[in-house]
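The values are calculated or read from the model by the stated rules, or taken from the named source; none is laboratory data. All of these numbers come straight from a predicted model, not from anything done at the bench. Cβ atoms come from the backbone with ideal geometry, glycine included; neighbour counts cover every protein chain shown. Keep in mind that these areas ignore ligands, DNA and RNA; they rest on the heavy atoms of the full protein, side chains included. Shrake-Rupley method; radii C 1.70, N 1.55, O 1.52, S 1.80 Å.
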Amino acid sequence: MKLDSKIFVAGHNGLVGTAIKKALLSKGYQNLVLKTRSELDLSSTIKVEEFFQKEKPEYVFLAAAKVGGIIANNTYRADFIYENLMIQNNIIYSAYKNGVKKLLFLGSSCIYPKNAPQPIKEEYLLTDTLEYTNEPYAIAKIAGLKMCEAFNLQYGCNFISVMPTNLYGENDNFDLNTSHVLPALIRKFYEGKLNKSNSVEVWGSGNPRREFLHSSDMAQACIYIMENINFNDLINNSKEIRNTHINIGYGSDVSIKELATLIKNIVGFDGEIIYDKSKPDGTYQKLLDTSKLNSLGWKPKITLEKGVKEVFEWYINQKK
Ligand SMILES: NC(=O)c1ccc[n+]([C@@H]2O[C@H](COP(=O)([O-])OP(=O)(O)OC[C@H]3O[C@@H](n4cnc5c(N)ncnc54)[C@H](OP(=O)(O)O)[C@@H]3O)[C@@H](O)[C@H]2O)c1
């Protein structure tokens with residue numbers, strides 16, 4: 001990728017897309033093509049085809065998707081599979097037709113079986129049953145990574161799929177009905193502090209373990225792969241080429257109790273934490289094996305403590 005290469009960041013206003021755009025600009029990439037949803041609906045085949053024919057981007061970061069929590073995924077099952085398949089099919093096919101040099105497709109760790117051994121290696125894909133609640137979303141993501149792999153094998157494309165762990169960062173969703181655990185806890189402890197509450201309630205036992213990666217680190221990993229890795233680096237001598245996707249994670253996890261205590265201290269809430277054990281815990285552990293990414297030469301830099309401090313500062317600045 002050259003500094004004047006034409007780069008399309010699909011989903012540039014989302015959590016990951018914002019971080020990718022920011023990191024590209026700070027590295028000196030100037031020729032970014034950015035379209036809001038009202039300017040370009042990525043689920044429209046005709047509009048996406050016209051856009052690629054007109055703009056001819058050389059590189060594509062596919063960070064646009066319909067994303068949501070457990071309740072949204074489970075309730076809007078049809079929308080999650082349909083919209084994600086449409087967005088990724090349109091972009092991947094147009095990228096092939098218009099000679100895009102490299103494309104990075106963002107999937108998710110929910111592609112792996114519900115009870116996969118820990119830490120989760122890339123080759124555990126399609127070895128067992130998926131988590132029911134987000135099965136339609138996961139199937140769309142699996143189709144996306146298989147589509148990239150198939151276009152690489154049949155047409156010699158250079159489309160790389162990455163599977164990130166739980167992400168957090170600026171522009172995260174802090175709505176308590178739909179947010180992920182980390183931004184939800186920042187908001188709960190901050191409001192607890194402002195309201196001088198005696199306690200803050202955390203869902204579940206606090207025992208499950210989760211991995212968190214800062215969206216800036218995620219963006220750095222995406223750009224590193226775009227700059228340095230090609231599909232040929234990801235295949236072995238086997239006749240059956242599969243599992244060429246790359247996990248992107250922090251490499252270690254924390255319990256929800258450890259996370260809650262860290263956030264409580266950073267926010268400065270001095271009340272008690274109450275664990276509501278009547279609420280479900282979910283899977284006990286979900287940790288990605290990141291040895292493939294590490295062996296390709298990339299490691300994260302932002303510790304959870306530093307990352308949470310930054311996100312908390314960003315959150316309170318938005319409130320001013
Ligand atoms: N967040 C995580 O923890 C996490 C973890 C693993 C993987 N990922 C993956 O990373 C990718 C990005 O996730 P994210 O967290 O950044 O999601 P996000 O914050 O919801 O951003 C998604 C972006 O896609 C855009 N978009 C959705 N449908 C569109 C359409 N039809 N036309 C045009 N734009 C559309 C959205 O536009 P609007 O702003 O108009 O809605 C938004 O800017 C996804 O593939 C997701 O699976 C995320």
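Tabulated results
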{"quantity": "Residues located in region 150-160, provided they are touching a residue at least 40 places away in the same chain (Cβ under 8 Å) and within 15 Å of VAL100 (Cα to Cα)", "calculated": "PHE151, ASN152, TYR155, CYS157, ASN158, PHE159, ILE160"}
{"quantity": "Condition broken by TYR132, with the remaining ones in (1) at pLDDT below 95; (2) among the aromatic types (Phe, Trp, Tyr); (3) within 22 Å of GLU240 (Cα to Cα) satisfied", "calculated": "(3)"}
{"quantity": "Members of region 24-71 found to be of a type in the set (Asp, Glu) and open to solvent by 90 Å² or more (accessible area, probe 1.4 Å), listed by number", "calculated": "GLU39, GLU50"}
{"quantity": "Top-ranked residue of region 267-287 - restricted to ones that are on the phi < 0 side of the Ramachandran plot and among the small types (Gly, Ala, Ser), ranked as modelled with the lowest pLDDT", "calculated": "SER278"}
{"quantity": "Matching helices (runs of 4 or more DSSP H) fully within region 242-320 where at least 3 residues are under 30 Å from CYS148 (Cβ atoms) and open to solvent by 30 Å² or more (accessible area, probe 1.4 Å)", "calculated": "291-295"}
{"quantity": "Residue, least open to solvent (accessible area, probe 1.4 Å), within region 72-93, restricted to residues that are under 18 Å from the mean Cα position of the chain (by Cα) and modelled with pLDDT under 95", "calculated": "ASN73"}
{"quantity": "Residues of region 33-89 that turn out to be touching a Pro at 6+ places or on another chain (Cβ under 6 Å) and more than 16 Å from LEU106 (Cα to Cα), as a count", "calculated": "2"}
{"quantity": "Subset tally (residues that are among the small types (Gly, Ala, Ser) and buried (at least 21 other Cβ atoms within 10 Å of the Cβ)) for region 183-198", "calculated": "2"}
{"quantity": "Lone qualifier among TYR96, TYR137 - being in contact (Cβ under 8 Å) with a residue 12 or more places away in the chain, open to solvent by 20 Å² or more (accessible area, probe 1.4 Å) and under 18 Å from VAL16 (Cα atoms)", "calculated": "TYR137"}
{"quantity": "All positions within region 170-224 that are away from the ligand (no atom under 15 Å from the Cβ), in a helix (DSSP H, G or I) and under 23 Å from ILE316 (Cα atoms)", "calculated": "ARG187, LYS188, PHE189, TYR190, GLU191, GLY192, LYS193, LEU194"}
{"quantity": "Pair list, Cβ < 7 Å and 6+ apart or interchain, from region 167-190 residues that are more than 17 Å from GLY204 (Cβ to Cβ) to residues that are part of a strand (DSSP E or B) and more than 10 Å from the ligand (Cβ to nearest atom)", "calculated": "TYR168/HIS214; GLY169/HIS214"}
